[in-house]
Amino acid sequence: MSKHENIKKEVEQLQQAAGNNAAIDAKLDELLALLAQSDIDSEKAKQVKQRVNDALPSTINFRDNIDAFKHIRVNTSNDRANMLDEFSVMLASHEVDSTMSKKYLRGERIAKTVLFLIGLVLITLGFAMIIMPAPPYFEMFTIFYFNPDDGVTLMDVISLLIILSGVYLLVKSIYKKLSTDK
C-alpha cells in the first residue's frame, strides 16, 4: 500500500510542478501585456530586465554550472588557443564563484570519504566473517575439503566476495577515474 501511496504522491508533485510552470507562463504573459500597454522609458526597462536577470540565476542548480566544465575537451591535438577560447566561452555562459566551487568540492570530498568508509567496513566485515567461528548450520556447504574436518565453505567464499567489493570501493574512492578519451 505504501508503494501505491508513494506513486500517488509523486504524481501529485508532478502535477503541482506542471501547474507551477503554467502559473509562471501566465504571469509572464501578464507582465508582457502590461509592459506593452505601458509607456516606459529605457531606464525603467533596464531596471525590469535587471530584476528578471537577478531572479533567474538563483533557480539554476550550481552543479549544472560546474558539470558543464567537465565537457571541455582536453586533447593533445587541440592547441592551447582553442582550449582557452572554449574555456572562456564556458566562463562567460556559466557563472561560477568560489562559494559554488567550494560547495561542489565539499560534496565530492564527502562522497569519496563515505565511499572510503564503506569500503573499510566491508573489508573488516569480510575478515571478521572468516576469522570468527560460525555455528555449523551457518557454515552452509563445504566446497573444498582440506581434510575430513576442515575446508573452504560457501561462507568463506561469500566473505571473500565481501572483502573484494570492499577493496574495489576503497580503491575507487582513492583513485580518480581515468578518462577514456586520452
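The residues of segment 121-180 expose on average 80 square angstrom of accessible surface per residue, using a 1.4 Å probe on protein heavy atoms.
Residues whose amide H comes within less than 5 Å of that of Thr153, counting only those at least five positions distant or on another chain, are Ile143 (H built at 1.01 Å from N in the peptide plane).
The values are calculated or read from the model by the stated rules, or taken from the named source; none is laboratory data. Bear in mind that the values here come from a model prediction, so they are computed numbers and not experimental data. Just the protein is used for accessible areas: all its heavy atoms, side chains included, with ligands, DNA and RNA removed. Shrake-Rupley method; radii C 1.70, N 1.55, O 1.52, S 1.80 Å.
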